[in-house]
Amino acid sequence: MSDDIYKTPESSLLQEVHEKNIFASRWQRLWASLLDGLIIGLITFPLMYFTGGFDGVSNGTQPSLGYTLFLGVLGIAVFFAFNVKLLLRDGQTIGKKVVGIKIVDLNDNVPVIKNLLVRYITYFIPGQVPLVGQLFSMVNILFIFGKQKRCIHDYFAGTRVVIN
C-alpha cells in the first residue's frame, strides 16, 4: 500500500473464466432447433399431405388423437434416425453441428445415452399431451431466458448446450 491516499487503487479488472466451455447463445439454440425441425418436417409434411392430414385444416376440424400421436411418434423416430449417431459421438444434432454448438453434461463431456434419452423425452413427449402439453413445452423453452441459458429438459437431463 502506498502512502499516497489519493492514488487510484490497483486491482485486476479482468474476470477469470473457470469454465472450459461457453454457453451457446439463445439465437444459436433457436437456429439449431429450427434446422432440426425443418428436417423432421421434410419427412412428416409430405406424409401428412398424402394421408389427408391437411384436409381438416380447410374444414376447421382437428385430426384424431391417434393420427396426431402417430405423427408425433414418427417425428421423434425421424429425429433420432437422423441424429442418433451424432448425438452419441459428439453431443450434436444436425442443426447443432451446422450452428457450431453441442450438448455436454455438467462435467463438459458428451452425455451418455441415458441423459440424452431423458433430455429428448422431456423435450418431445409432453408436447403430445392434449392441452397441458403445449403449455409445458412453452414453459420448458422459456427457461432458456434464465441466467444459465438452460431449458427444463436440460435440467432434467443434467445437460447444457455450449459453443463447440
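Just so you know, all these numbers are worked out from the coordinates, no wet-lab data involved. Please read all numbers here as calculations on a predicted model, not as lab measurements. Note: ideal-geometry Cβ built from the backbone for every residue, glycine included; neighbour counts use all protein chains shown.
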Lys/Arg +1, Asp/Glu -1 at C-beta; the range 26-163 dipole; positive extreme among Thr159, Gly75, Gly56 | Thr159
Starting from the Cα-Cα distance between Ile125 and Leu35, subtract it from 0.36 nm times their residue separation and give me the gain in nm to one decimal.
-> 30.4 nm
Most exposed to least, judged by fewest other Cβ atoms within 10 Å, Ser58, Ser64, Ser137 sort to Ser58, Ser64, Ser137
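Grab the DSSP H runs of the chain that are 4 residues or longer, score each as -39,500 (n - 2.57), total them, divide by all residues and round the 222 nm result to the nearest 500 deg cm²/dmol. Mind dumping the intermediate values first?
On the way: 7 runs with 91 residues, N = 164.
That calculation yields -17500 deg cm²/dmol at 222 nm.
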How many angstrom lie between the C-alpha centres of the range 101-164 and the range 18-60?
-> 16 Å
22 Å Cα-Cα threshold exceeded, pairs from Lys102/Lys149; Lys85/Lys147; Lys85/Lys149 | Lys85/Lys147; Lys85/Lys149
How do Asp105, Asp3 rank when sorted from fewest to most other Cβ atoms within 10 Å of their own Cβ?
-> Asp3, Asp105
Taking the Cα atoms of the range 1-126, what is the range of coordinates along each of the three principal axes, in descending order and whole Å?
-> 85, 34, 24
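Order of 67-77, 91-101 by packing, highest average Cβ count within 10 Å first?
Packing order, densest peptide first, comes out as 91-101, 67-77.
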